[in-house]
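In what follows, a structure is listed as structure tokens, so that the remarks can point back to it.
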Amino acid sequence: MIVAGCDVGSLSAEAVILKDGAILGSEIIRVRPKAEQSAIDVMDKTLRGLDLSYEDIDYTVSTGYGRETISFADHNISEISCHGRGAHWLIPSIKTVIDIGGQDCKAIRVDKDGALEDFVMNDKCAAGTGRSLEIYSEVLGVHISQLGSLSLNASEPVTITNQCSIFAETEIMHYLMEDKSTADVAAGISDAMARRVKMLVGRVGLKNDIAMTGGVSKNIGVVTCLENMLGTTFVEFTEDPQIIGALGAALFAADRLKKNSKEP
Amino acid sequence: MKPLAKLASISKTLKNEVVTDWINQGKKVVGYVCTYMPEEILLAADILPYRITGKGARDTSLADAYLTRVNCSFARCCLEQGFRGEYDFLEGSVWVNGCDHIRRCYDNWNAKIPRPFMYMLPVPHMFSPEGRQWYKEEVVKFKDAVEAHFNVNITSEKLSEACKIYNETRRLLRKLYDLRASDAPPFTGAEASIILSAGFVMPKTEYNRLLGSLLNEAEKKSKAPQEKVRLLMTGSLMDDSEFVENVEDMGAIVVTDALCFGARYFWDRVAENGDPFEALVDRYYTHVPCPRMAGEYPTRRDFILNQIERAQVKGVILQHIKFCDLHGTDNAMLKMDLEKKGIASIELEREYGPLGDAGRVRTRVQAFLEKIGG
């Protein structure tokens, strides 16, 4: 039994292929203008790497922002349920998942079986999302992957007060003009991000174990700040935290396939 | 045309065919924004009360120049349609100090695009014998102003007659909600939203006729119970059937509500015995309260809990328009109280007007339905 999960977000798309309950392979790509094209490209890439074709896949579940537009998917499930499910499958003790993606962030609580118990999602605003980190790194002139480690070298982190990403960008420019070090500004960015996310976790209620998924979980600066603010340590995944949504979708695909085959 | 299609066509355009007919008969149309304005007074003067909305606004570039960043998009869309001349068919409009957003809409409307009859009807924010007395005085002043401006005499007989027509609307809408509460609702929430919207922008006699035949038709049809998750929707002003459809698309059906464009509008009737003016004042002052009435949260909460029970509701959509503090804070309290009763709910912040963020709403609703086992 081979199933697929395909997660098309606002900035990246991921695919995960499962065979008999084990991960066969996965890929991450930058999204194309159309969700369907992103889905096809990331699936093609994953299948090619495994020497498989679409005919080999028994069931596909799509998720993410573009989930409803993907024609090769058999079903779609919200990314909120998928992140919870994927994280729980990798770490069965997980109760809380923080997912920070390209354009939204969410705090998710799952029950002992990995089913969605409650969730809180940010409102229509880029603040505290991957996209805002990209904007800030551009202003700082560093690659997004360097932003987190840079912030760890800070001596006097700045305070960013504006919640709005655009206003925060202006604030960052102002700090740079004042000759603050890029490390201090980067630390301010991590702190501001973490504050936004902490609010969401507060609303959904923190229960350990807790882990982070999504692209921003690769930013060591944000992760460290958030751990300090919440007074807890995140459990680490054995897989890339960016593929957890697609993994959850693939797990739901397996569930649905089993359920369908039982029904006459 | 079938009644539902006819109502849909009426609700779609601001100056619809029924309004045009009314005007062609040489009669006046007066706009209003808030359900604390006793419509029967206008009807008794043979004036068509017409509820102003922001329907059809594609952007708000004109209104944006006059309103602040923190004014809600409903006030913005209403003003925009006013600025664009879409409401030029109104002889005037009656406003209520419902909230600050709508007051700012009135300020600009009055300053920039006044019509011959502009009226602000102040409504007290609290329930008390003194408040009731004050409200009555204001309604008397309003009636006098209508009589003076339109050169009419609003007699007790005419008022009684108007109340009867409106009570018939209320009876029919209650029947609509009984059908929606049944195991096999004959209408989706989106359809109900269209049916309700039309009622605010057409003469009630004509509306009663169409609604009556629509309900008779629906009663005859036998419908199989639906497997969809039954929802209640409450919160800010909601006349947008597409928003409801967007929610229902995810595998749900909205079977009831506590909206001022829904159940709160028609649930209470005007007493038909005794003095019609006193009865009218009582009804409008004490009807299921909007959160603009201070300290009346428990009444609204209990109304919602009753609706949940009678319509077998499984989940509640707590939506509010961005910057609508009245409903935003109300929803936060409702969420906690619903939780205590074991009823799942989700808070959604939205904009009034074109559905730019449909995807955002769909993701949250889908996850909510997955959570409650839809």
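Bear in mind these aren't lab numbers, they're just calculated from the coordinates by the rules spelled out. No experiment lies behind these values; they were computed from the predicted model shown. Note that each Cβ is placed from the backbone with ideal geometry, even for glycine, and that neighbours are counted across all protein chains shown.
Annotations for the structure displayed:
- The convex hull drawn around the Cα atoms of region B:160-371, when projected onto a plane and averaged over every direction, covers 12.1 nm².
- Applying a DSSP loop filter and a limit of 13 other Cβ atoms within 10 Å to the GluC sites (Glu not before Pro) in region B:271-304 leaves B:272.
- Taking chain A and dividing mean pair separation by its residue count, relative contact order in percent (alpha carbons under 8 Å, at least six apart): 24 percent
- For region A:241-256, Karplus couplings with θ = phi - 60° (6.51, -1.76, 1.60), whole Hz, Gly/Pro x: x, 7, 9, 5, x, 5, 5, x, 4, 5, 5, 5, 4, 4, 4, 5
- Taking amide H atoms as placed 1.01 Å from N in the peptide plane, the amide H of residue B:97 lies under 5 Å from those of B:121, B:123, each 5 or more residues away in sequence or on another chain.
- Crossing angle, helix B:156-181 versus chain B [Cα axis fit, 0-90 degrees, rounded to tens]: 10 degrees
- Nearest 10 degrees, 0 to 90: helix B:3-12 Cα axis against chain B principal axis: 70 degrees
- Per-peptide packing, taken as the mean over residues of other Cβ atoms within 10 Å, places A:126-137, A:141-152 in the sequence A:126-137, A:141-152 from highest down.
- Projected-area average for region A:194-246 over all orientations - Cα convex hull basis, square nanometres: 3.7 nm²
- Global form of chain B, assessed from the alpha-carbon gyration tensor, a/c cut-off 1.5: rounded
- With the biggest extent put first, the Cα atoms of region A:1-117 measure 36, 33, 21 Å across the principal axes.
- Evaluated at q = 0.09, 0.11, 0.14, 0.17 Å⁻¹, the base-10 log of the normalised Debye intensity for chain A, with identical point scatterers placed on the Cα atoms, takes the values -0.41, -0.59, -0.91, -1.23.
- Taking the convex hull of Cα positions in region B:3-156, its mean projected area over all directions (nm²): 10.6 nm²
- Amide H contacts of residue A:32 (H built 1.01 Å from N, under 5 Å, at least 5 apart or other chain): A:38
- For region B:242-254, 3J(HN,Hα) per residue [Karplus equation, 6.51 cos²θ - 1.76 cosθ + 1.60, θ = phi - 60°, Hz, x = Gly/Pro]: 5, 5, 5, 4, 4, 5, 5, 3, 7, x, 10, 9, 7
- Each peptide among A:73-86, A:50-63 gets the average number of other Cβ atoms lying within 10 Å of its residues, and from highest to lowest they stand as A:73-86, A:50-63.
- Rounded to the nearest 10 degrees, the inclination of helix B:358-371 to the longest alpha-carbon principal axis of chain B is 50 degrees.
- Karplus 3J(HN,Hα) series, Hz, for region B:107-117 with 6.51 cos²θ - 1.76 cosθ + 1.60 (x for Gly, Pro): 3, 6, 4, 5, 7, 9, 10, x, 10, x, 10
- Coarse-grained scattering of the protein assembly as shown at q = 0.08, 0.12 Å⁻¹, given as base-10 log I(q)/I(0) from a Debye sum over alpha-carbon atoms: -0.68, -1.23
- Under 5 Å between amide hydrogens, built in the peptide plane, is the criterion, and for residue B:117 it picks out B:92, B:93 among residues at least 5 positions away or on other chains.
- Straight-distance crosslink candidates among aspartates and glutamates, where the alpha carbon sits under 13 Å from residue A:180 and sequence neighbours closer than 8 are dropped: A:156, A:171
- Cross-link pairs beyond the 30 Å C-alpha cut-off, checked among A:106/B:228; B:136/B:204; A:45/B:371; A:112/B:228; B:221/B:322: A:45/B:371; B:221/B:322
- What the Cα atoms of region A:74-162 give is an Rg and a Dmax of 16.2, 52 Å.
- Counting, for every residue in A:72-83, the Cβ atoms of other protein chains within 10 Å of its Cβ and taking the mean gives 3.
- Alpha-carbon spread of region B:15-97, three principal axes, descending order, Å: 40, 26, 15
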